Structures are given as C-alpha cells and as structure tokens.
Amino acid sequence: MRLLMSIVGILGLFLASCSPRVHSNLASGADFKNYKTYAWIREENDTSGSNQDQQFSAYNNQIIRGNVKNNINSELQSRGFTIDTVNPDFLVSLKAVFEKKTDLVGYPLYSSYYNFYYPGYYALYPGYYYSYPFAYDYYDYTYTEGTLVVDIIDRETKKLVWRGWSDEREIKPKKVEKELAKDVDEIFQEFPS
C-alpha cells in the first residue's frame, strides 16, 4: 500500500511540474463589453530587431513569437474582437522570458543490489537481504524556465486592465511551440468574458 501511495504521490508531483502555472489580474472596474477592436504593441525587445542572440534563440525568435501572436489573435477573435491598427479600443502586449536555471539533484547510492539471496540474514525473512541507501550523489541539472505574459492595455487611459501569465518550470527546445500554444490556451481560460 505504501508503494502504491508513493507512486501516486510521485506521479502527482511530476504532472504538477509539467503543467504551467497560470495566473491573471483584472483591474477593478474594467468592462470588456465596451471593447471591440485591438492592436499589437511593438515591444522594445522584439526579436525582429538586430539582437542576433534573441533572433536565433531556440526559445525566443521571430518564428516562435509570430506563432504565439497568431495563437493570441485566434483566442481574441474567437471572443469577437477584431484587429484595428488605426483606432483600437485596447492594445495587446506580449512578453516571453526564458531563463537558464540549475538545480542540485541528489540520488541514493545503495550498498548492494535489492533482494539478493543471503541465507539466514534475517530471522523473520530467511534468504533475502534488503538494501538501503547509505549516501547520496549529487549533480547539477540545467533546464530552461519560461514565462509568457499577455497584457491588455486600455488605449484611451493607457492603463493596464488585464494581465495573464504562465510560468513553465521546464521547456524543451523541441516542444517549445506546443508548450507555448498550450500556455496561451490556459492563459485565455482566465480571460474576462
């Protein structure tokens, strides 16, 4: 029974670490029923600029940012908003931050193999000896953590009216687009309707 509970606990921790943590803030008094159109704000650190490290990054480049913007456009348009670059009701800003992080991870070292035959070691369990960890070995585990932030700004007042963001514990370069698309979907589940 303990083994089953341990496996369930470890599986729960694994699933929790895989899914993004999504949060949002809504300005008091913000009424999204008055909004019909939107436009994008060009960020200062937009990868269409000349910063080649960003432009050729596996995580933050023009292609990935363009695809994330398309996902956000789809979410907004499915809620009835349309793009108007001349006179929008609100402005949309996207920020994607990717950081390399390192954790110290330990794993147990055992004195011998599990369940090997050793006659008469325990009086109650003749024939088997169970090994227990006697020390831990450690190594550095490096990963990339990503944060995706979507801001909605009222054009007339120039004030932030809604912010949605996700914290992704670990993003793999091969799956970055799928993970960011999932993040956008989960962020917009918190969007005011």
Search result, residues across the range 155-168 that are out of contact with any helix residue (DSSP H, G or I) (no Cβ under 7 Å at 6 or more places or on another chain), buried (at least 18 other Cβ atoms within 10 Å of the Cβ) and of a type outside the set (A, V, I, L, M, F, W, C) | Arg163
Unmet criterion (only one of (1) of a type outside the set (D, E, K, R); (2) surrounded by 14 or more Cβ atoms within 10 Å (Cβ to Cβ); (3) touching a helix residue (DSSP H, G or I) at 6+ places or on another chain (Cβ under 8 Å); (4) modelled with pLDDT of 85 or more) for Ile171 | (4)
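The values are calculated or read from the model by the stated rules, or taken from the named source; none is laboratory data. The shown structure was predicted, so the numbers you read here are calculated from the model rather than taken from an experiment. Neighbour counts are summed over all protein chains in view; Cβ atoms, including those assigned to glycine, are modelled from backbone coordinates with ideal geometry.
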